[in-house]
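**Student:** One structure coming up, written as structure tokens, with questions to follow.
Readers should treat all values here as calculations from the given coordinates under stated rules, not as data from a laboratory. Just so it is clear, the model here is predicted, and its values are computed rather than measured. A quick note on method: Cβ atoms are made from the backbone with ideal geometry, for glycine too, and the neighbour counts reach across all protein chains shown.
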């Protein structure tokens, strides 16, 4: 009987609640083009030196380290959060009218509206944008398309070179904000731990599943924001012992007895 296998399968991650080993539920991680596990051992060898050449007569395994490598193509917020040791969340921004800001500008530069400590990346979906030169002084109106361009979807203003907004001029902006929600990931500093399950759906060969009660995920390699390939992120998987449980369990599909 041939035991050739063409490996396929799905990976699930059960992230522990922060600071605990309490499971929160297994989440399917989406497309994972590669996943592998490996074992590295350290031995203490003994050599007999009674005569002539030394001959190894005993070897004891002192340590075994189980680890894995995972590549993820599903670029969801939750997977990105694992890469950045962070959390995925939904930011809610309330509607606002008559927001004002001022900027010391340079021609040809871009300026983001609504950057605060609570929303450092700024706001989007703005409207009724009014731009003036020297706010609180001359309040000289600026002309869209001549002095500046505005992207109301992204909340960004471009200062046009050759307009009235010259180098080091002060630009005042008044605008409204549309009520909005936005998914985002905030990076963190704590290691990501949880349980991991691999359920095989092999193209060829017997099905075999793997369960690791406790793993630590660490980002491995680049998060290519731009390129000619499908985006993916990589993880090193440290397979640990959870209490008295073994590091890893692997089993074939159950059959009725």
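**Student:** Could you list log10 I(q)/I(0) for the chain at q = 0.07 Å⁻¹, which the Debye formula gives when each Cα is one point scatterer?
**Tutor:** Values returned for q = 0.07 Å⁻¹ are -0.47.
**Student:** Listed highest first by mean packing, meaning other Cβ atoms within 10 Å per residue, what order do 82-92, 66-76 come in?
**Tutor:** Top to bottom by mean Cβ count within 10 Å: 66-76, 82-92.
**Student:** Want the number for residue 89 to residue 45: 0.36 nm per residue separation, take away the alpha-carbon distance, what's left?
**Tutor:** Value of the extension gain: 10.6 nm.
**Student:** With all pairs of different alpha carbon atoms counted, what Kirkwood hydrodynamic radius in Å does the stretch 157-233 show?
**Tutor:** Computed over the stretch 157-233, the radius equals 19.7 Å.
**Student:** Report the residue, chosen from 149, 79, 232, that carries the largest GNM mean-square fluctuation when the chain is represented by alpha-carbon nodes joined by springs under 10 Å.
**Tutor:** Of the options given, 149 has the highest mean-square fluctuation.
**Student:** Treat the count of other C-beta atoms within 10 Å as a stand-in for reagent exposure and order 199, 177, 157 from fewest to most.
**Tutor:** 199, 177, 157
**Student:** Would you kindly state how much longer the chain becomes between residue 110 and residue 199 on full extension, computed as 0.36 nm times their sequence separation minus their alpha carbon distance, in nm to one decimal?
**Tutor:** 27.2 nm
**Student:** If you don't mind, another one. Based only on other Cβ atoms within 10 Å, what is the fewest-to-most ordering of 154, 113, 53? Let's see the in-between values first.
**Tutor:** On the way: 154 15, 113 22, 53 7.
Sorted ascending by nearby Cβ count, the order is 53, 154, 113.
**Student:** Can you compute the modelled spin-label distance between residue 216 and residue 127, with each label point 7 Å from Cα toward Cβ, in nm?
**Tutor:** According to this spin-label approximation, the distance is 5.1 nm.
**Student:** Would you mind ranking 13, 110 so that the residue whose beta carbon has the fewest other beta carbons within 10 Å leads the list?
**Tutor:** 110, 13
**Student:** Another one. For Cα pairs less than 8 Å apart in space and 6+ apart in sequence, what is the mean separation divided by the residue count of the stretch 95-178, i.e. the relative contact order in percent?
**Tutor:** Answer for the stretch 95-178 is 48 percent.
**Student:** Could you give the distance between the Cα centres of the stretch 180-254 and the stretch 3-20, to the whole Å?
**Tutor:** A separation of 5 Å, based on Cα centres.
**Student:** Multiply the residue separation of residue 168 and residue 209 by 0.36 nm, subtract the distance between their alpha-carbon atoms, and state the gained length in nm to one decimal.
**Tutor:** Stretched out fully, the residue 168 to residue 209 stretch lengthens by 8.4 nm.
**Student:** Given springs between every Cα pair under 10 Å in a Gaussian network model of the chain, which of 127, 49, 187 has the largest fluctuation?
**Tutor:** 49
**Student:** Now a separate question. Under a plain spin-label model, where a point goes 7 Å from the Cα along Cα-to-Cβ, how far apart in nm are residue 140 and residue 190?
**Tutor:** Computed distance between label sites residue 140 and residue 190 equals 5.4 nm.
**Student:** Ok, one more. How big is the Kirkwood radius of the stretch 1-54, worked out from every pair of different alpha carbons and given in Å to one decimal?
**Tutor:** 16.8 Å
**Student:** Same structure again: Based on the Cβ-Cβ distance of residue 182 and residue 149, what FRET efficiency does E = 1/(1 + (r/R0)^6) give at R0 = 22 Å, to the nearest 0.05? Write out the running numbers ahead of the final one.
**Tutor:** Numbers: r = 23 Å, r/R0 = 1.03.
The calculated FRET efficiency here is 0.45.
**Student:** Which translational diffusion coefficient, to the nearest whole µm²/s, is obtained for the stretch 95-178 from the Stokes-Einstein equation, given a Kirkwood hydrodynamic radius over C-alpha pairs, 20 °C and 1.002 mPa s?
**Tutor:** 169 µm²/s
**Student:** Shifting gears a bit: What value, in deg cm²/dmol to 500, does the helix sum -39500 (n - 2.57) over DSSP H runs of n ≥ 4 give at 222 nm once divided by the residues of the chain?
**Tutor:** For the chain, the value works out to -500 deg cm²/dmol.
**Student:** Given labels modelled 7 Å from the Cα in the Cβ direction, how far is it in nm from residue 61 to residue 36?
**Tutor:** It works out to 2.0 nm between the two label points.
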